[in-house]
Amino acid sequence: MKKEYEINEGTLAIISLEDGKSKILEDNKDYVVSCKSYDILDHSCRYFGSSYQGRKDGAKSIIGSSYKMPIIVEEERDIIFFPTSSPDDKECIWLAVNKINNFSKGQFNTTKIIFDNGIELIVPLSYRSFENQVYRASRLSYLLNLRKSNKC
């Protein structure tokens, strides 16, 4: 079991588990690490030159929202994750917005996600809330790319 993990281009989701562990879903494998999902996000942001709080503040200034903020983990490769609930929630799942191919309404207030490699995941979040989170994260990505191309 790994103790540290850096989010990368192959990371699809980080699923909080009990006892401060997280399940990592990647393009070709999944495994459990001995870190809370928040710590993985913070470590990864620091690995790429910032911190979770710095990325959160930056995202807030770009999109103007402050609830369940998407996080720019690494801007050059457009690695942006968003939470399904409060990052402090022990059941929070972090998802890579640019790895989501499609999503649909699930049963019992859930949403079914299909990632770009065909992997499916059902998250305990209503379709409407999930759609709002995807919109926020996609807007952040779009505005960040506009700024990078000096069009904004």
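The values are calculated or read from the model by the stated rules, or taken from the named source; none is laboratory data. Since the model is a prediction, treat every value here as computed from it, not as a measurement. Please note: Cβ atoms are built from the backbone with ideal geometry, for glycine as well, and neighbour counts cover all protein chains shown. Heavy atoms of the whole protein, side chains included, go into the accessibility calculation; ligands, DNA and RNA do not. Shrake-Rupley method; radii C 1.70, N 1.55, O 1.52, S 1.80 Å.
What is the spin-label model distance, in nm, from N98 to N150 if the labels are put 7 Å beyond Cα along the C-beta direction?
Going from the N98 label point to the N150 one covers 2.2 nm.
Are any of the pairs K29/K60; K60/K90; K56/K148; K29/K148; K36/K148 more than 26 Å apart by Cα-Cα distance, and if so, which? Kindly include the intermediate steps, with their values, before the conclusion.
Values: K29/K60 32 Å; K60/K90 23 Å; K56/K148 18 Å; K29/K148 32 Å; K36/K148 31 Å.
As for pairs spanning more than 26 Å Cα to Cα, those are K29/K60; K29/K148; K36/K148.
Using alpha-carbon pairs under 8 Å, 6+ residues apart, how would you state the relative contact order of the range 37-81 in percent? Please list the in-between numbers first.
Values: 43 pairs, mean separation 13.2, N = 45.
Across the range 37-81, relative contact order equals 29 percent.
7 Å from Cα along Cα→Cβ at both D116 and L17: what's the point-to-point distance in nm?
The two pseudo-label positions are separated by 2.7 nm.
Can you list the chymotrypsin sites (Phe, Trp or Tyr not before Pro) in the range 92-152 that are in a DSSP coil and have 13 or fewer other beta carbons within 10 angstrom?
Values: sites: W94, F103, F108, F115, Y127, F130, Y135, Y142; in loops: F108.
Hits after loop and neighbour filter: F108.
For K68, give me every one of the aspartates and glutamates with a C-alpha distance below 20 angstrom, ignoring sequence neighbours fewer than eight places off in its own chain.
Excluding near neighbours in sequence, the set is D39, D42, D57, D78, D88, D89, E91, E131.
Any idea what the dipole of the range 1-136 comes to, in debye rounded to 20, about its Cα centre with Lys/Arg Cβ at +1 and Asp/Glu Cβ at -1?
Details: 18 positive and 21 negative charges, 72 e Å.
Result for the range 1-136 is approximately 340 debye, rounded to the nearest 20.
Using the heavy atoms of the protein chains alone and a 1.4 angstrom probe, what is the accessible area of the chain per residue in square angstrom?
Working: 8350 Å² over 152 residues.
Here the residues of the chain average 55 Å² of exposed surface.
Could you tell me the relative contact order of the chain? Use alpha-carbon pairs under 8 Å, at least six residues apart, and round to a whole percent. Spell out each step's value before the answer.
Working: 280 pairs, mean separation 27.6, N = 152.
18 percent.
Estimate the FRET efficiency between R46 and Y127 by the formula 1/(1 + (r/R0)^6), using the beta-carbon distance for r and 30 Å for R0, to the nearest 0.05.
Values: r = 34 Å, r/R0 = 1.12.
Computed FRET efficiency for R46 and Y127: 0.35.
Within the chain, what percent of beta bridges assigned by DSSP are antiparallel, to the nearest 5? Don't skip to the answer; put the middle values down first.
Working: 27 of 28 bridges.
So the antiparallel bridges in the chain amount to around 95 percent.
With charges only on Cβ, +1 for K and R and -1 for D and E, what is the dipole size of the range 52-122 about its Cα centre, in debye, rounded to 20?
Values: 9 positive and 10 negative charges, 46 e Å.
Here the range 52-122 has a charge dipole of around 220 debye.
Under the definition of Cα pairs under 8 Å and six or more residues apart, what whole-number percent is the relative contact order of the range 20-103? Intermediate results must be reported in sequence, preceding the final value.
Details: 109 pairs, mean separation 14.6, N = 84.
Once divided by the residue count of the range 20-103, the mean separation gives 17 percent.
Just from its helices, what would the mean residue ellipticity at 222 nm be for the chain, if runs of 4 or more DSSP H residues each count -39500 (n - 2.57) and the sum is divided by every residue, rounded to the nearest 500 deg cm²/dmol? Don't skip to the end; give the middle numbers.
Numbers: 3 runs with 45 residues, N = 152.
Result for the chain, helices only: -9500 deg cm²/dmol.
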